[in-house]
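Readers should treat all values here as calculations from the given coordinates under stated rules, not as data from a laboratory. Please read all numbers here as calculations on a predicted model, not as lab measurements. Here the Cβ positions follow ideal geometry from the backbone for every residue, glycine too, while neighbour counts run over all protein chains shown.
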Amino acid sequence: MSHTTIEWLYVGAVVGVLIWVGAIAWDAERLIGETPEDAITIKVTAQQWFWTFEHPDGTKEIGELTVKVGKVYKFDVTAKDVIHAFNIPVHAVMIDAVPGRINHIWFAPDQPGEYLIQCREYCGLLHYQMRATLIVEA
Amino acid sequence: MVIEVRKPRPLWEILFSTHHTDVGLLYIITSFVFIFLGGAMALILRAELFLPGETLISDPSVFNQIFTVHGTTMLFLWVVPFTAGVANYLVPIMIKYKDMAYPKLNSVAFWMIPPGAALVWLGFADTGWTAYPPYSILSAPGPAADMWIFGLKILGLSSILGSINFVVTILKCKHPDIPAMKMPLFVWSILVISFMTLGALPTFTAALIMLYTDRLGVSGFFNPAMGGDPIAYQHLFWFTFHPEVYIFLLPAVGMAYELVPKFSRKPIFSYVSGVIALVLLMVISFGSWAHHMLATGMSFTEKTVFMVGTLAAVPMSAMHVFNWLATAWGGRIRFSAPMMFVFGGIALFFASGAGGVLNTALPLDFITHDTYWVVGHFHLMLMGTVTLIFFGFTYYLFPLITGRMYNKMLASVHFWMTFIGSIMVFITQHILGLFAMPRRVWDYIPTPEVLVMNQIATIGAFILGIGMAVFLYNMLKSSASGKPAKMEDPFEIGEQYYDHRRREPH
């Protein structure tokens with residue numbers, strides 16, 4: 001076999017692996033991309049350097065978010081000044097909060113407890129401590 | 001050829017020369033000045049993160065300024081000028097032409113770097129090297145951000161002028177005896193990155209002007225308060241800087257193709273597939289820019305398109321790695337400093353490439369996006385691969401430039417400290433990302449795992465720093481009083497070295 005043939009066979013194998021990775025990634029993303037219909041909408045507003053959460057009944061929380069186990073929540077995420085990113089690490093919730101846009105993401109808490117909410121897009125002086133608490137009640 | 005130390009010339013003769021070796025030397029020396037400055041910045045950042053809370057830097061905005069200038073410096077004042085310097089030295093030699101096609105333009109392109117660098121360093125902006133609006137419009141204090149914008153414009157122009165020069169030199173001034181498919185792969189890599197620069201950079205240049213008029217308040221392209229869209233900037237930015245990632249990488253690939261066959265004493269395994277991989281990557285690199293923006297709220301279709309575009313670029317890099325390993329396989333390998341650095345670079349290239357595939361897979365991207373994983377990933381590529389191979393090539397060019405040999409023992413020490421240091425810093429940063437530590441933070445939540453890994457990373461960074469001090473000492477000492485090199489074959493590999501008897505510089 002010529003050297004070029006060997007190289008192409010090897011590339012074929014690499015392409016095969018990549019198609020496999022791409023296919024399972026695509027399938028997983030398709031599944032989590034669809035928001036369930038019974039989701040409760042919470043408006044999330046980011047600004048330098050704190051988070052505001054607004055429940056459907058109009059109650060607002062600053063710096064902490066209280067949700068219940070077993071319910072499904074949809075976040076409408078936006079920002080007032082610069083770009084931030086809404087991130088709940090334990091639930092792999094991650095979406096940019098962009099001024100002038102509303103981005104959507106959903107999650108379903110399954111264990112009670114207190115979790116971290118943080119900003120993951122550089123937003124200036126106090127970016128490092130732009131955090132909030134997620135309180136999941138039983 | 002310029003053998004600077006053996007036959008010293010007055011400084012002004014080098015400074016005002018337009019000869020390709022002189023301009024090349026200026027480029028290389030400038031780039032080394034900036035890797036030491038940028039590296040010092042990195043050590044300050046790592047020292048601050050060694051312990052949680054306020055340690056070294058009392059003001060978070062100073063921390064933000066330092067990482068901005070560190071990033072800008074390393075990309076535009078280290079990787080790009082070093083590439084231009086080596087290409088200036090070698091492209092005319094390899095295609096057998098007396099000089100670059102436009103020697104004066106070459107000199108102009110170099111002399112745009114010092115003013116650009118001065119603007120970036122004197123401004124000391126805090127926008128991050130990406131300068132995303134609206135932060136860079138609303139919150140970044142002037143004149144720092146304005147100086148950054150103009151500094152980058154000048155550096156971009158320098159890079160465009162240099163690219164035009166390389167394209168014309170390679171395509172028009174090549175010796176008729178060398179057909180395109182016999183050119184060294186290093187020349188191919190420079191040709192490819194020059195075309196990529198010409199295709200990619202204008203977009204960012206336009207975006208910078210728009211950003212500047214937005215800052216002046218006369219337009220609102222990226223300002224949501226005036227009806228603009230900040231995401232538009234990110235598209236323009238990454239349309240330039242995703243191809244730019246490969247512009248940083250491909251010269252190192254070309255250098256590895258230069259070194260691996262020589263030090264393995266075997267011909268390249270498959271020259272044709274090397275050329276094909278370089279040219280294909282030039283095209284495909286323009287199809288994956290928005291994977292830097294997957295979390296900005298893109299539609300599922302957009303995400304799929306850019307995942308496929310990103311995955312499509314992987315086989316080309318895999319082809320290069322395969323080619324190098326197959327070339328070295330069964331060869332009589334001589335582990336001189338250049339070869340050690342190239343092999344270290346290839347090992348870490350594989351690691352960062354595999355991490356890149358993981359990043360591309362969509363659901364995983366949202367775990368790693370904007371965390372320290374990303375910092376680890378691109379540093380492993382830019383430091384672990386590109387810079388390691390650049391150091392290897394510096395050792396390889398050392399006899400050509402100085403006519404002397406470097407200290408081999410110190411070069412070995414430099415390699416092991418750099419290699420181990422890189423692993424300690426950047427692999428650890430990958431894991432820090434999985435613990436959700438965001439990037440660009442002055443302080444972090446000191447859970448035991450995060451604390452320990454930050455400390456490992458800081459210690460690794462200082463090992464790297466000491467390695468760089470050894471390197472600096474070796475370069476200075478050896479160019480002043482190293483052993484004279486045997487210029488025909490300084491590395492004793494039975495290969496003809498570059499022609500050092502070029503006509504005297506004009």
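Values as computed for the structure displayed
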quantity	calculated
Rounded D (µm²/s) - chain B, Kirkwood Rh over Cα pairs, Stokes-Einstein at 37 °C, 0.692 mPa s	140 µm²/s
Check: the protein assembly as shown dipole with +1 on Lys, Arg Cβ and -1 on Asp, Glu Cβ, in debye	2740 debye
Residue-averaged 222 nm ellipticity for chain B, from DSSP H runs of 4+ at -39500 (n - 2.57), nearest 500	-22000 deg cm²/dmol
Residues A:D110 and A:E64, FRET efficiency given R0 of 25 Å [Cβ-Cβ distance, rounded to 0.05]	0.85
Computed over the protein assembly as shown, Cα set: Rg, Dmax in Å	25.3, 83
Shielding by partners, peptide B:311-320 (average Cβ within 10 angstrom, other chains)	4
Residue (of B:I466, B:T169, B:F263) at the positive-pole extreme of the range B:11-481, dipole from beta-carbon charges	B:F263
Proximal lysines relative to B:K96, as straight alpha-carbon distance under 27 Å, when same-chain residues fewer than 8 apart are discounted	B:K7, B:K104, B:K172, B:K174, B:K182, B:K262, B:K266, B:K486
Sequence-distant residues sharing a close amide H with A:I42 (under 5 Å, placed H)	A:K74, A:F75, A:D76
Peptides ranked, highest mean first, by Cβ atoms within 10 Å: ranges A:25-37, B:128-140	B:128-140, A:25-37
Charge-dipole axis of the protein assembly as shown as Lys and Arg at +1 and Asp and Glu at -1 on Cβ define it, positive-most pick from B:H291, A:P109, B:V108	B:V108
Label point distance in nm, B:H175-B:L122, each placed 7 Å from Cα along Cα→Cβ	4.6 nm
Average beta carbon contacts from partner chains per residue of B:121-131, 10 Å cutoff	1
Two-site label geometry, B:L11 and A:W8: point separation in nm, points 7 Å out along Cα→Cβ	5.7 nm
Chain B: DSSP helices with Cα axial extent of at least 27 Å and average Kyte-Doolittle hydropathy no lower than 1.0	B:20-49, B:144-172, B:185-216, B:337-360, B:448-481
Area projected by the alpha carbon convex hull of the range B:103-151, averaged over all directions, nm²	3.5 nm²
About the Cα centre, charge dipole magnitude for chain A (Lys/Arg +1, Asp/Glu -1 at Cβ), debye	240 debye
Highest-first arrangement of B:276-287, B:396-407, B:365-376, where packing means the average Cβ count within 10 Å	B:365-376, B:396-407, B:276-287
Coarse-grained scattering of the range B:228-310 at q = 0.10, 0.19, 0.20 Å⁻¹, given as base-10 log I(q)/I(0) from a Debye sum over alpha-carbon atoms	-0.37, -0.86, -0.91
Mean-position separation - Cα centroids, the range B:188-265 and the range B:452-494, in angstrom	31 Å
Positive-end residue of B:I149, B:A361, B:G274, charge dipole of chain B with Cβ unit charges	B:G274
Relative contact order (percent, whole number), chain B, Cα cutoff 8 Å, 6+ residue spacing	18 percent
Exercise: per-residue mean of other protein chain Cβ atoms within 10 Å, B:267-277	3
Set of aspartates and glutamates near A:K71 by C-alpha distance (under 13 Å), chain-local residues within fewer than 8 positions excluded	A:E37, A:D38, A:D110, A:E137
Surrounding net charge for B:F341, when Lys and Arg each add one and Asp and Glu each subtract one, Cβ distance under 15 Å	+2
Partners for B:K408 among aspartates and glutamates (Cα-Cα distance below 18 Å; same-chain residues under 8 apart left out)	B:D489, B:E492
Computed magnitude of the charge dipole of chain B (debye, nearest 20; Cβ of K, R +1, Cβ of D, E -1)	1800 debye
